Amino acid sequence: MIGLESSLLFAQEGASVLLVDINIEVAQRATEIVKRKHPDSKVLAIKADVGQEADVKAAVDTAAKEFGRLDIMVLSILS
């Protein structure tokens with residue numbers, strides 16, 4: 001739950017949030033929670049295995065493409 005709680009705090013402060021999980025349904029549920037609590041926030045869910053370098057690179061690339069940049073990355077388990 002550290003990842004979800006961190007996402008909520010970052011969204012509260014106005015950050016764009018990319019939620020990443022190997023289980024896309026988990027990431028999507030977390031996205032819904034963040035959007036419900038912070039409706040004006042920019043939140044996106046993607047599927048990736050953070051244990052795989054290529055998936056982490058793809059997540060960073062997605063954040064840069066969707067949000068313009070990446071300021072901070074927190075790797076933790078949402079499920």
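Please treat every number below as a calculation from the coordinates, not as lab data. Remember, predicted model here, so these are calculated numbers, not experimental data. Every residue, glycine as well, gets a Cβ built from its backbone with ideal geometry; the counts of neighbours run over all protein chains shown.
For the chain, hydrophobic long helices are taken as DSSP H runs at least 30 Å long by C-alpha position along their axis with mean Kyte-Doolittle hydropathy of 1.6 or more; none is present. Diffusion coefficient of region 35-79 by Stokes-Einstein, Kirkwood radius over Cα pairs, 25 °C, 0.890 mPa s: 208 µm²/s. Pick from Ala64, Ala48, Ala27: which is most flexible by mean-square fluctuation in a GNM of the chain where alpha carbon atoms under 10 Å apart are linked? It is Ala64. Here Asp61, Asp21 are placed in order of increasing Cβ neighbour count within 10 Å, fewest first, which gives Asp61, Asp21.
For the chain, relative contact order (Cα pairs under 8 Å, six or more residues apart, normalised by length) works out to 36 percent. Could you work out which residue, out of Gln52, Gln12, Gln28, moves most in a Gaussian network model of the chain, that is, has the largest mean-square fluctuation with Cα springs under 10 Å? Most flexible of the set in this elastic network: Gln52. Using R0 = 22 Å, the C-beta based FRET efficiency linking Thr62 and Leu9 works out to 0.55.
Residues whose amide H falls under 5 Å from that of Ala15, counting only those 5 or more places apart or on a different chain, are absent, with hydrogens built in the peptide plane.
Computed over the Cα atoms of the chain, the ratio of the radius of gyration to the Kirkwood radius (Rg/Rh) comes to 0.92.
If you take all other residues with their beta carbon under 10 Å from the beta carbon of Lys42, and give Lys and Arg +1 and Asp and Glu -1, the sum is -1.
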